[in-house]
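Rule-based calculations on the coordinates, nothing more; no lab input. These numbers were taken from a predicted model, which means no experiment stands behind them. Backbone-built Cβ (ideal geometry, glycine too); neighbour counts: all protein chains shown.
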């Protein structure tokens, strides 16, 4: 079964089934990944699903929308592979994706 690995802060890795057409945030929430809150419900307005995509995966994801880019650019802890989990739609080609959960802002 395709999977995604979440690396929470101060918790062991969580390997979750990659569910096509769901977002990283949705999969994190149904798997109780610590640090992923999804307060806005996935409408790209709160950044409580901020993750750092593993460098070898960053270029494989669809480009950020202008809305996501604006939210990420406003984060104090943004990094070069920062993404909002609510904006990363999962597909079978992302089997093995690894993301590190960001510290809350």
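Quick look at the numbers
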quantity	calculated
Complete set of residues in region 27-49 that are surrounded by 16 or more Cβ atoms within 10 Å (Cβ to Cβ), without any contact (Cβ under 8 Å) to a residue 40 or more places away in the chain and over 19 Å from residue 10 (Cα atoms)	46
Breaking point among (1) touching a residue at least 40 places away in the same chain (Cβ under 8 Å); (2) under 17 Å from residue 94 (Cβ atoms); (3) touching a helix residue (DSSP H, G or I) at 6+ places or on another chain (Cβ under 8 Å); (4) surrounded by fewer than 19 Cβ atoms within 10 Å (Cβ to Cβ), for residue 4	(4)
Filtered residues of region 79-99 (kept if touching a strand residue (DSSP E or B) at 6+ places or on another chain (Cβ under 9 Å) and surrounded by fewer than 18 Cβ atoms within 10 Å (Cβ to Cβ))	79, 80, 81, 89, 95, 96
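This table checks each residue for (1) in contact with a helix residue (DSSP H, G or I) (Cβ under 8 Å, 6 or more places away or on another chain); (2) farther than 15 Å from residue 7 by Cβ.
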position	(1), (2)
51	yes, no
54	no, no
69	no, yes
82	yes, no
85	yes, no
89	no, yes
93	no, yes
100	no, no
103	no, no
